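Undergrad: The structure under discussion is supplied below as structure tokens; questions concerning it will follow.
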Amino acid sequence: MVFGGAGCRRPRRRAPRPPREAASVDLDRIAADLQARFGERVDADQIREVVADSHARLSATDAPLLASRTFSFAASRLDALTAASARPSDTTPSVLFVCVQNAGRSQLAAGILRHLAGGAVSVRTAGSAPTTDVRSTIVTALDEIGVSIGDEFPKPLTDEAVRAADVVITMGCGDACPIYPGTRYLDWELEDPVGKPLAAVRGIRDDIDRRVRELLTELRSAEKVNTS
């Protein structure tokens, strides 16, 4: 018996692929771009500090698209910082929704409130222990009722976001929020959609939708009282 020949050639081993190059994050450029937006209201050193801290917080969660998310997160924090300093002269009500992962309940509530209120209410979200992405069932459940999640992603809870809010609504993480005078705090007891099938998420969505509509009615009534 003869071994070898064309029918017994060993397949060539493929060379291992080189490791993917890690994406770089140009914090100086991000800070400079934010300086152009917020420079008249926020000191340059503070902008750089917020950018560096935002990058560090998101890095700890293994967040994808780190550079663009660092920019968005830092911009949101600087916006909240300037909004907090403008209170109470700013009459636009501000609501902060907080849950554990900032990937489920808080995103449902924020998406619905933005959809219903347009620009009449400033809406922010945060998580006491944020994950990397909004859950796909949440995106689908919102899309079913015509609500887009947009570019939202889970963000850590920050002091600036709490200080800028007129109303802070927690969902399963009430102890995580610092308490400031003049801010209204609500705790919504809601089932956690993590690991739930879409049918169950729809029920949670509809419960949140009802609560958000009631909240918006209250905010509009309060605005009429304050401006009358």
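Undergrad: Neighbouring Cβ atoms within 10 Å as the yardstick, rank Val139, Val123 fewest first.
TA: In increasing order of surrounding Cβ atoms, one gets Val139, Val123.
Undergrad: Could I have the simple spin-label model distance between Thr92 and Glu49, label points 7 Å from Cα toward Cβ, reported in nm to one decimal?
TA: Output for this residue pair reads 2.5 nm.
Undergrad: Test of understanding: what is the full-extension gain from Ala36 to Ala222, defined as 0.36 nm times their sequence separation minus their Cα-Cα distance?
TA: Residue separation times 0.36 nm, minus the Cα-Cα distance, leaves 63.5 nm.
Undergrad: Still on this structure: Can you give the three extents of the C-alpha atoms in the chain along their principal axes, from longest to shortest, in whole Å?
TA: 101, 47, 31
Undergrad: Using the Cα centre of the chain as the reference point, and only Cβ charges (+1 on K/R, -1 on D/E), how large is the resulting charge dipole? Debye, rounded to the nearest 20.
TA: About 1340 debye.
Undergrad: Could you sort the peptides 76-86, 105-115, 176-186, 212-222 by per-residue average Cβ neighbour count (10 Å cutoff), highest mean leading?
TA: Sorting 76-86, 105-115, 176-186, 212-222 by mean packing, highest first, produces 105-115, 76-86, 212-222, 176-186.
Undergrad: For the ranges 65-75, 124-134, 42-52, 194-204, what's the packing order if you count other beta-carbon atoms within 10 Å of each residue, average per peptide, and put the highest first?
TA: My ranking of the peptides, most packed first, is 124-134, 65-75, 42-52, 194-204.
Undergrad: Follow-up. Scan the chain and note any complete DSSP helix (H) whose C-alpha atoms cover at least 24 Å along its axis and whose Kyte-Doolittle average is -0.5 or more.
TA: Qualifying helices, which must be both long enough and hydrophobic enough, are 66-86.
Undergrad: Per the Kirkwood definition applied to all pairs of different Cα atoms, how many angstroms is the hydrodynamic radius of the range 29-86?
TA: 11.3
Undergrad: Taking amide hydrogens as modeled 1.01 Å from N in the peptide plane, which residues meet the under 5 Å criterion relative to Asp187, leaving out close sequence neighbours?
TA: Those lying under 5 Å, H to H, from Asp187 are Thr170.
Undergrad: For a Förster distance of 41 Å, can you work out the FRET efficiency between the beta-carbons of Leu116 and Ser24, rounded to the nearest 0.05?
TA: 0.55
Undergrad: List Ser94, Ser136 from most exposed to least, where exposure is judged by having the fewest other Cβ atoms within 10 Å.
TA: Listed from fewest to most nearby Cβ atoms, that is Ser136, Ser94.
Throughout, read-outs are computed from the coordinates displayed, never taken from laboratory work. Since the structure is predicted, the reported quantities are computational estimates derived from the model, not experimental observations. Glycine gets a Cβ as well: all are built from the backbone with ideal geometry, and neighbour counts include every protein chain shown.
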